[in-house]
């Protein structure tokens with residue numbers, strides 16, 4: 001990132017106690033439900049961690065949990081830097097984004113996840129349900145037009161796949177709701193004409209795209225179909241899929257989850273061709289997977305480590321998927337909804353950025369004043385999962401006629 005100096009003065013963050021009913025319900029109802037579901041699904045959980053998880057659920061529900069210090073002594077990420085003055089604070093008074101990531105980090109520590117390299121993913125059963133449901137309900141991929149129309153269809157599939165989010169539904173499998181859906185910010189065409197049209201017209205270039213993944217199941221399957229489309233369209237293209245370093249938000253994808261999805265797609269009658277092409281692309285180095293602890297930290301993207309910053313700068317485009325990555329982009333704060341996305345994202349650096357998000361939390365930017373003036377059918381339009389944003393920011397390293405991609 002260029003520097004935090006490029007970020008506007010920070011407004012208040014979302015916290016549990018005071019500034020939004022949805023956030024308060026998330027802390028006192030949704031998180032406890034996720035924790036209790038985890039214990040109920042895993043009879044093998046030892047009594048000591050089981051008691052701690054059940055106590056944590058009750059404390060969150062009753063608004064009396066106080067933040068416990070976390071370091072790296074359990075083999076997991078060292079959270080001492082993130083704690084700052086938060087240790088000992090009531091969970092209702094810390095930033096919501098901090099709290100959610102903290103809860104998953106704390107529970108994994110109690111389950112001794114980081115101490116055993118063969119420790120099972122505590123959310124494996126939910127992820128399997130999501131993947132199986134996605135494969136069963138998936139129609140055979142159509143032969144999408146090799147142009148902006150096909151790109152749009154697949155980006156929308158990736159967008160609405162994000163509706164099926166197990167942390168949003170308290171760990172319970174639900175179908176995507178197609179009723180009353182709207183893309184309130186739609187920069188898909190701008191991304192296509194700026195990034196992909198020049199690349200298609202110059203077969204000599206070998207650009208790289210990064211996709212920062214979100215959920216397993218329908219979303220990841222649709223993401224991988226989009227990857228296959230782009231690889232077939234541009235023989236010189238390579239894609240790096242950035243996954244979570246450890247389980248978080250119930251259904252967020254880790255590297256093993258990505259491998260499982262590709263394998264299961266290759267074994268599925270409807271998606272066999274796509275899955276096998278992705279396996280070949282992996283073997284040839286055109287599809288790679290990568291994980292970093294930053295994606296399970298409470299930090300905003302303007303505090304990204306230098307190594308990741310360099311990766312984003314070298315990519316012709318970075319695509320961030322889902323609500324949590326969007327919240328990380330804008331620091332999960334109450335910015336004006338009409339704040340222009342391109343202006344705000346000046347901190348991103350030289351690479352272009354596309355964010356694809358189904359709205360499931362209050363914070364949002366980049367909505368035109370005209371669209372805001374028109375109003376929405378529901379007062380909770382930023383949180384009900386029925387509205388999407390696809391926001392694009394053009395970087396400095398886009399391919400133009402007479403130049404070569406990075």
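Within segment 183-205, the set of residues being modelled with pLDDT of 95 or more and not in a helix (DSSP H, G or I) comprises 183, 184, 185, 186, 187.
Checking every residue in segment 50-57 against the condition of being surrounded by fewer than 13 Cβ atoms within 10 Å (Cβ to Cβ), modelled with pLDDT of 95 or more and more than 26 Å from residue 359 (Cβ to Cβ) gives at least one match. Please specify each residue of segment 365-379 satisfying the condition of being modelled with pLDDT under 90 and either in a helix (DSSP H, G or I) or in contact with a helix residue (DSSP H, G or I) (Cβ under 9 Å, 6 or more places away or on another chain) (or both). Once the filter is applied, which keeps residues that are modelled with pLDDT under 90 and either in a helix (DSSP H, G or I) or in contact with a helix residue (DSSP H, G or I) (Cβ under 9 Å, 6 or more places away or on another chain) (or both), segment 365-379 yields only 374. The listed residues are 50, 25, and the only one of them that is under 30 Å from residue 381 (Cβ atoms), out of contact with any strand residue (DSSP E or B) (no Cβ under 9 Å at 6 or more places or on another chain) and free of Cβ contacts under 8 Å to residues at least 12 places away in the same chain turns out to be 25. Looking only at segment 243-292, filter to residues that are touching a helix residue (DSSP H, G or I) at 6+ places or on another chain (Cβ under 7 Å) and in a strand (DSSP E or B); which one of those is nearest to residue 208 (Cα to Cα)? Once the filter is applied, the top-ranked residue is 287. Among the residues of this structure, residue 57 counts as one that is touching a helix residue (DSSP H, G or I) at 6+ places or on another chain (Cβ under 7 Å), part of a helix (DSSP H, G or I), over 25 Å from residue 303 (Cα atoms) and not assigned by TED's automatic domain parsing to the domain that holds residue 385. Does residue 322 satisfy being in the same structural domain as residue 382 (by TED's automatic domain parsing) and within 13 Å of the chain's Cα centre (by Cα)? In short, yes.
The values are calculated or read from the model by the stated rules, or taken from the named source; none is laboratory data. Remember, predicted model here, so these are calculated numbers, not experimental data. All Cβ positions, even for glycine, are placed from backbone atoms using ideal geometry, and neighbour counts span all protein chains on display.
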